[in-house]
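Below: one structure, written as structure tokens.
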Protein chains: 2
Amino acid sequence: MHRLIPRLATIAFALLFVLTPAALRADEGMWTFDHPPLEAMQNAYGFTPSIEWRMHVMHSCVNFGGGSGAFVSADGLVLTNHHVALNQLQKMSSAEHDYQHDGFFAHTHAEEMPCPDLELKVLQSLSDITADVQAAIDPKAPPVQQNVQRKAAIAKLQAAASKRTGLKMEPVTLYQGGEEWLYGYRTYKDVRLVCAPEEREAFFGGDLDNFSYPRHDLDFAFFRVYENGAPLHSTDFLAWSLSGPKANDLAIVVGHPGRTNRQRTVTQLEYERDVQRPLAIRLQEQRVDALHTFAQQGAEQARQASGLLRGLENNLKRERGFLELLRDPAYLAAYAARERTLRATVAADPKLAAYSDAWTHLDTVQPLNRTFGRSRQLHEFGRVSRLADIATGIVRMTAEMAKPNEQRFREYQDSNLNTQRFQLLSPAPIHADLEEMLLAQRFQTWVDSLHADDDFAKVSLSGADAKSAAHALFAGTALMDVSARKALLDGGAAAVAASKDPMIVWARAIDAPYRAERKRFEDEIESVETLEGARIARARFALSGHDLYPDATGTLRLSYGRNAGYAQLNSTVPWHTTFYGLFNRANGFDFQSPYDLPKRMRAAEKSIDLSTSLDFVNTCDIIGGNSGSPVIDRDGRYVGLVFDGNIQSFLWTFGYSDAQARCVNVDSRAILMVLRKVYDMQSLADELTAAAK
Amino acid sequence: MHRLIPRLATIAFALLFVLTPAALRADEGMWTFDHPPLEAMQNAYGFTPSIEWRMHVMHSCVNFGGGSGAFVSADGLVLTNHHVALNQLQKMSSAEHDYQHDGFFAHTHAEEMPCPDLELKVLQSLSDITADVQAAIDPKAPPVQQNVQRKAAIAKLQAAASKRTGLKMEPVTLYQGGEEWLYGYRTYKDVRLVCAPEEREAFFGGDLDNFSYPRHDLDFAFFRVYENGAPLHSTDFLAWSLSGPKANDLAIVVGHPGRTNRQRTVTQLEYERDVQRPLAIRLQEQRVDALHTFAQQGAEQARQASGLLRGLENNLKRERGFLELLRDPAYLAAYAARERTLRATVAADPKLAAYSDAWTHLDTVQPLNRTFGRSRQLHEFGRVSRLADIATGIVRMTAEMAKPNEQRFREYQDSNLNTQRFQLLSPAPIHADLEEMLLAQRFQTWVDSLHADDDFAKVSLSGADAKSAAHALFAGTALMDVSARKALLDGGAAAVAASKDPMIVWARAIDAPYRAERKRFEDEIESVETLEGARIARARFALSGHDLYPDATGTLRLSYGRNAGYAQLNSTVPWHTTFYGLFNRANGFDFQSPYDLPKRMRAAEKSIDLSTSLDFVNTCDIIGGNSGSPVIDRDGRYVGLVFDGNIQSFLWTFGYSDAQARCVNVDSRAILMVLRKVYDMQSLADELTAAAK
């Protein structure tokens, strides 16, 4: 009954699909840095980003692992979202100091607070290894074999490139398997928190206003990257814009969009609609309910649950939006019509007709996804409990280390070991009561939703009930202590095999079913999806040249568009909001939570210029993972901070339309003003404006 | 493709219909003053309006003829909307003084400006004459005869009551014919303009923001009623509230809702959907286009067209919303289900089964509506040209005066003659070029859309083209001069018959086809609709007791509800806005029209309290005609001024739901503040607060 996404938006979107089955829409695309849409940008905005422009921007942008950011000073200052920083804020906080809620303000370098386990990456190189990988694959071998050959070739190339460059090399598969790349990163592990506003200011309106627009959030946080104990000095940063964005100006967003499904097949979307997304929603709803119950136990429990709750509620709103779209018959019909057109074109072209069975082959995987894929989704327990993740991580890592590099799981290949240790040995606090409750809940779900002799459930419960089983793990483990983890990692497979720590015993027991399931997935699903996806990509390349962009993969992308409002309901939404709007909304709800403006902002009202631009929207093509991306103007200046898409932008998972979907950003002028007038962060403001243009 | 009304709203509404086919929703109803929902109000809000409370409020409320208002001081001060005052503002303005655009501010009684033709009415008495009318009808006579008997009985009772009370008596048919009433009014014709803000302030956001919410309009205007050349002194006025409305408080709206269709049959709605509303929209669109063209000729033409344009664009948005609803299959299905339930209940009840053919009888009229009704709708030329209305008015009135009172058209019966003369002899300026252009357009529509030998077209054109025909009427007429009209009225039928004025010649020629068409409508459509509507009403009374309210009829009604925001899209709309919001929106659109805040308001920014409540919403059940109604709290204080419904309230034409539909009002605190701080109207503000509570 409740419709998240305005009908107008979905209908306009479906029509676009029908009317223009192939051509790109204006401002469409999340482009890789090797291959930006120079001609389209020039035609639409009279601007071509030079190679120098692009390299500078690439080296100025920061990967937060699921989020984005950018350097904004010569001294390693990095700007991202408060909600990207949230995980670290929560880990740095305690019952005594709640930085998530109260904010954090370092006035000197000495006051900057080290993050427990934040690794930042900055992209340095991109290498296309498609030809080399293809050369290592025997196209006549069965898919399972081809996939093994493919992975081994990538691992070998990766190790060699890593050795040659000293960079952290990560393989990236683009175009559903159509291209294979290696991305080389500099990584930074000494990252310190500089400044974060109060959560209520960063996330004004809370979940109620989440994904809405007009919006009034100051969703920012500053970190500083240190190298050898001192701030990182570099010229690779974006100069701050004092004048901010303008209506209808070109806007460029550079960041790390996580995942889009624009080139999935209809049957893949139907699987998502019928199985994957409903199950994901159910699992998340369970956790949200449990966390709310946990939070009601007291103030400290509420604090411990709050970060997780915020993330889950954010995700749930998005997942529900996706599902609503997938269940809209008009929408899926338009998507299907576009696929039919492509298949007919391929079939009718003698040079491409050989590819025309790729869709049929992909379809054959879907029945397996609906049964085996469902169990596999239920079995996933990553991020339910960080301690459980650490235990299974120690067991897996020590086992994988015993193998040659190329035969290991990708995440345990040499270039990742450093990162893995960093995470496993993180000193960040673990809230055992909360994690035990969530793990018990997941065990219970296995009992309730899986076959009676399910391996995951059997080895986890061993005849006990879910609560007792989870309690036994947490009550007896020593892994809360980082040194215990270190001893196991240093002791390797032998130490792990000898351990009687109940959490390790459990992790050992679940390792075999985990590996069996993962192998089956790689052999029977991933192999087909990658190989057939690559064939479709080849057909698309043949038809469109290379005038395409790949689905999002969490790697660096460039989007472009214009700062512009839109029609909504029977009125018009302006391209930007001001601090008048912030106070209007707080007053409109009589300062009731989540509109209880923090006292620092209320106190500053008379000394700030309320007409200062606060948030603004543009047509840049983004998706989750772009949070924290800079909005850059044609002069390379930092004019805004991406923090959200409006609700209509959920469509962008499946395709682009600029009818109502918008990228939502904080104005650079707003950040500078509140640093000076609300938070008394003069030195930070001075640092930003030192090289301002 | 464009959807005005959010899908959620229509779906929630349809579900309400299905789930509760008969029961009233909370806060539903536009109640007559003889019959307010005392028990429901007491149960929901712990308040019962006493008889004294009701009489005081009834005597304090003012009928503006299509709009509403209320006395707000002991010296005859009346508050209504700027858009209700618009017609008078336009008539008072000239090329030199554009009060519509610039506002009007009288600082002394001497500066108050007489309105050219504004008659206000205040309800004094209500008499149920149903039994007397029924007694005069022979139920065995054919419908045509019954309708004639009915009308004659009403006219007779009306004349007698008029004579007895000295009041202006107006018959009111309620419940589709189920009840007949006489409403007695005091009338006032010496009404003077006291204060109106700039149009851009009263209608901030223009047509773009019309029917939207959150809203930031100061849609008010003050008049003063004079009697014998002095301000009317009375204790019948609403005391001003200094504290204004509160969230969730009981709100009572008293005004004159114009027309709802909540008890129409499905086939009547289908006629509206297929014929009546599309045609109304087409005719209005034509006029809007023509007016825009006219306005482009120059500043003075733009000024002349502006009031009409604003009214038409307002209407068009509403009509399109109604049509969209009627075309929503889910909505009409729910409406039909409700009707089926009622019909089945009636058929199954031995005492009521005799009524069960009423719907079938009503259905028989619809084919005629689709043919004859369509031509009749096309023939309507009232309000296309005021001069043409005056000419036809003079012809009709002089002819009707020759008949006995009871046999005249209702509008020319004795108690209406005073009002008719007042309008026909209005000195308000007539923009002949504009009116000629619009009348020519209507003539052309007759040529284009009607049968070749259509009487209206034939007598109007007499072989000429539409433009020439209209030009001949305006070029040769003397009716621009009020004394020429007076001479004809005074000379009566003989003078009219002898007149060679081309406008009168035309009005004489069109009189016969007009009368023939009106008679056919009364005999073949109105008679059936009233008699069968009355039978359905009797069945509903038998089923529900008298726990019902009649569809709106432009007469005084009481609605009640609570001040409350609502969920919209994926967020929440607050129950009220503030002046922060006004400045936020102006800044958000960079002060571009229609967000170009007038300079008086911009200049006052620093001296006003921006957190002052500006507009607010409540769940009171209103419809067009309620504009200008007071919002009254339980202590009888004036807390707000109704000026709009949000777009979701378009649903209320067909039924009530409080899911998203809201009545939109100006806060009493906002009006008082701008009088003092923006418009320097201290004496007016003092007058308001003299008896404030």
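Name every residue in the stretch B:173-210 that is within 14 Å of another protein chain (Cβ to nearest Cβ) and open to solvent by 20 Å² or more (accessible area, probe 1.4 Å), in order of residue number. First the steps, then the outcome.
Taking the stretch B:173-210 first, the residues within 14 Å of another protein chain (Cβ to nearest Cβ) are B:203-210.
Those that are within 14 Å of another protein chain (Cβ to nearest Cβ) and open to solvent by 20 Å² or more (accessible area, probe 1.4 Å): B:F203, B:D207, B:L208.
Taking the stated definitions as given, is B:L543 more than 8 Å from every other protein chain (Cβ to nearest Cβ) and open to solvent by less than 20 Å² (accessible area, probe 1.4 Å)? Give the derivation first.
Values: more than 8 Å from every other protein chain (Cβ to nearest Cβ): yes; open to solvent by less than 20 Å² (accessible area, probe 1.4 Å): no.
Criteria not met by B:L543.
When residues of the stretch B:278-307 are filtered for being open to solvent by 40 Å² or more (accessible area, probe 1.4 Å), in a helix (DSSP H, G or I) and over 17 Å from B:D207 (Cα atoms), how many remain?
Qualifying residue count, the stretch B:278-307: 6.
In the stretch A:67-81, how many residues are outside any strand (DSSP E or B), in contact with an Asp or Glu (Cβ under 7 Å, 6 or more places away or on another chain) and open to solvent by less than 10 Å² (accessible area, probe 1.4 Å)? Working first, answer last.
Here is the first cut: in the stretch A:67-81, the ones outside any strand (DSSP E or B) are A:67, A:72-76, A:81.
Those still in the list that are in contact with an Asp or Glu (Cβ under 7 Å, 6 or more places away or on another chain) too: A:73, A:75, A:81.
So of that shortlist, the ones also open to solvent by less than 10 Å² (accessible area, probe 1.4 Å) come out as A:73, A:81.
Here the count works out to 2.
Which helices (runs of 4 or more DSSP H) sit wholly inside the stretch B:415-499 and have at least 3 residues that are among the small types (G, A, S)? Steps first, please.
Numbers: elements: B:432-449, B:455-461, B:466-476, B:482-498.
Of the helices (runs of 4 or more DSSP H) lying wholly inside the stretch B:415-499, those with at least 3 residues that are among the small types (G, A, S) span B:432-449, B:466-476, B:482-498.
Give the number of residues within the stretch B:370-393 that are more than 14 Å from B:I525 (Cβ to Cβ), in a helix (DSSP H, G or I) and open to solvent by 20 Å² or more (accessible area, probe 1.4 Å). Working first, answer last.
Residues of the stretch B:370-393 more than 14 Å from B:I525 (Cβ to Cβ): B:378-393.
Those still in the list that are in a helix (DSSP H, G or I) too: B:378-379, B:386-393.
Keeping just the survivors that are open to solvent by 20 Å² or more (accessible area, probe 1.4 Å) gives B:386, B:389.
Residues flagged as more than 14 Å from B:I525 (Cβ to Cβ), in a helix (DSSP H, G or I) and open to solvent by 20 Å² or more (accessible area, probe 1.4 Å) within the stretch B:370-393 amount to 2.
Counting only residues that are touching a strand residue (DSSP E or B) at 6+ places or on another chain (Cβ under 7 Å) and buried (at least 21 other Cβ atoms within 10 Å of the Cβ), which one in the stretch B:144-160 is farthest from B:N81 (Cα to Cα)? Give the derivation first.
Pass one, the stretch B:144-160, residues touching a strand residue (DSSP E or B) at 6+ places or on another chain (Cβ under 7 Å): B:154, B:157-158.
Restricting the remaining residues to those that are buried (at least 21 other Cβ atoms within 10 Å of the Cβ) gives B:154, B:158.
On the way: B:I154: 34, B:Q158: 32 Å.
Looking at the filtered set, the residue picked out is B:I154.
Any idea which residue in the stretch B:559-569 is farthest from the other protein chains (Cβ to nearest Cβ), counting only those that are open to solvent by less than 10 Å² (accessible area, probe 1.4 Å) and polar (S, T, N, Q)?
Only one residue fits best here, namely B:S559.
A:A141 passes all but one of (1) under 19 Å from A:V631 (Cα atoms); (2) open to solvent by less than 20 Å² (accessible area, probe 1.4 Å); (3) not in a helix (DSSP H, G or I); which number fails?
Tallying (1) under 19 Å from A:V631 (Cα atoms); (2) open to solvent by less than 20 Å² (accessible area, probe 1.4 Å); (3) not in a helix (DSSP H, G or I), A:A141 fails exactly one: (1).
Residue by residue through the stretch B:598-621, note down the ones that are open to solvent by less than 10 Å² (accessible area, probe 1.4 Å) and of a type outside the set (F, W, Y). Break it down into steps so the answer makes sense when it comes.
So in the stretch B:598-621, the residues open to solvent by less than 10 Å² (accessible area, probe 1.4 Å) come out as B:601, B:604, B:613-621.
The answer is B:M601, B:A604, B:S613, B:L614, B:D615, B:V617, B:N618, B:T619, B:C620, B:D621.
If we scan the stretch A:105-127, do we find a residue that is open to solvent by 60 Å² or more (accessible area, probe 1.4 Å), in a strand (DSSP E or B) and over 30 Å from A:Y175 (Cα atoms)? Show your work before the answer.
From the stretch A:105-127, those open to solvent by 60 Å² or more (accessible area, probe 1.4 Å) are A:107-111, A:114; that's our starting set.
Of the ones still in play, those that are also in a strand (DSSP E or B) are A:114.
Right, trim to over 30 Å from A:Y175 (Cα atoms) and you get A:114.
Yes, some residue in the stretch A:105-127 is open to solvent by 60 Å² or more (accessible area, probe 1.4 Å), in a strand (DSSP E or B) and over 30 Å from A:Y175 (Cα atoms).
With the structure loaded, tell me whether A:I623 is on the phi < 0 side of the Ramachandran plot and in contact with a Leu (Cβ under 9 Å, 6 or more places away or on another chain) or whether it fails that test. Explain how you work it out, then say what you get.
On the way: on the phi < 0 side of the Ramachandran plot: yes; in contact with a Leu (Cβ under 9 Å, 6 or more places away or on another chain): no.
Here the answer is no, as A:I623 does not meet what is asked.
Only one residue in A:S627, A:S611 is away from chain B (no Cβ under 13 Å) and assigned to a loop (DSSP other than H, G, I, E, B). Which one?
A:S627
From the list B:D658, B:D551, B:D644, B:D590, which one is within 14 Å of chain A (Cβ to nearest Cβ) and either touching a residue at least 12 places away in the same chain (Cβ under 8 Å) or not in a loop (DSSP other than H, G, I, E, B) (or both)? Even if it seems obvious, please write down each step before you answer.
On the way: B:D658 fails: within 14 Å of chain A (Cβ to nearest Cβ); B:D551 fails: within 14 Å of chain A (Cβ to nearest Cβ); B:D590 fails: either touching a residue at least 12 places away in the same chain (Cβ under 8 Å) or not in a loop (DSSP other than H, G, I, E, B) (or both).
Checking each option against the conditions leaves just B:D644.
In the list B:T577, B:T572, which residue meets the criterion of being under 30 Å from A:R318 (Cα atoms), within 14 Å of another protein chain (Cβ to nearest Cβ) and open to solvent by less than 10 Å² (accessible area, probe 1.4 Å)?
Working: B:T572 fails: open to solvent by less than 10 Å² (accessible area, probe 1.4 Å).
Sole residue among the options that is under 30 Å from A:R318 (Cα atoms), within 14 Å of another protein chain (Cβ to nearest Cβ) and open to solvent by less than 10 Å² (accessible area, probe 1.4 Å): B:T577.
Tell me the residue from B:R634, B:R662 that is of a type outside the set (A, V, I, L, M, F, W, C), in contact with a strand residue (DSSP E or B) (Cβ under 9 Å, 6 or more places away or on another chain) and open to solvent by 20 Å² or more (accessible area, probe 1.4 Å), please.
On the way: B:R662 fails: open to solvent by 20 Å² or more (accessible area, probe 1.4 Å).
Unique residue meeting the criteria: B:R634.
I'd like to know if the stretch B:451-473 contains one or more residues that are within 28 Å of the chain's Cα centre (by Cα), farther than 25 Å from B:F294 by Cβ and at pLDDT 95 or above.
no
Quick one: count up the residues across the stretch A:328-351 that are touching a residue at least 12 places away in the same chain (Cβ under 8 Å), in contact with a helix residue (DSSP H, G or I) (Cβ under 9 Å, 6 or more places away or on another chain), part of a helix (DSSP H, G or I) and not acidic (D, E).
Here is the first cut: in the stretch A:328-351, the ones touching a residue at least 12 places away in the same chain (Cβ under 8 Å) are A:328, A:330-339, A:341-343, A:345-346, A:349, A:351.
Checking the rest, the ones that are also in contact with a helix residue (DSSP H, G or I) (Cβ under 9 Å, 6 or more places away or on another chain) come to A:328, A:330-339, A:342-343, A:345-346, A:349, A:351.
Imposing the further condition that a residue be part of a helix (DSSP H, G or I) reduces the set to A:330-339, A:342-343, A:345-346.
This time we only want the ones that are not acidic (D, E), so: A:330-338, A:342-343, A:345-346.
So the count comes out to 13.
Go through (1) of a type outside the set (F, W, Y); (2) under 22 Å from the mean Cα position of the chain (by Cα); (3) open to solvent by less than 20 Å² (accessible area, probe 1.4 Å) one by one and return the number of the condition B:G624 breaks.
Unmet for B:G624, out of (1) of a type outside the set (F, W, Y); (2) under 22 Å from the mean Cα position of the chain (by Cα); (3) open to solvent by less than 20 Å² (accessible area, probe 1.4 Å): (3).
Just checking, how many residues over the stretch A:211-256 are within 14 Å of chain B (Cβ to nearest Cβ) and buried (at least 22 other Cβ atoms within 10 Å of the Cβ)?
Matching residues across the stretch A:211-256 total 8.
Considering only residues of the stretch A:20-66 that are in a helix (DSSP H, G or I) and hydroxyl-bearing (S, T, Y), which is least open to solvent (accessible area, probe 1.4 Å)?
Within the stretch A:20-66, the subset in a helix (DSSP H, G or I) is A:38-45, A:51-60.
Keeping just the survivors that are hydroxyl-bearing (S, T, Y) gives A:45, A:60.
Values: A:Y45: 37, A:S60: 0 Å².
So, considering only residues that are in a helix (DSSP H, G or I) and hydroxyl-bearing (S, T, Y), the one least open to solvent (accessible area, probe 1.4 Å) is A:S60.
The values are calculated or read from the model by the stated rules, or taken from the named source; none is laboratory data. These figures come from a predicted structure and were not determined experimentally. All Cβ positions, even for glycine, are placed from backbone atoms using ideal geometry, and neighbour counts span all protein chains on display. Keep in mind that these areas ignore ligands, DNA and RNA; they rest on the heavy atoms of the full protein, side chains included. Shrake-Rupley method; radii C 1.70, N 1.55, O 1.52, S 1.80 Å.
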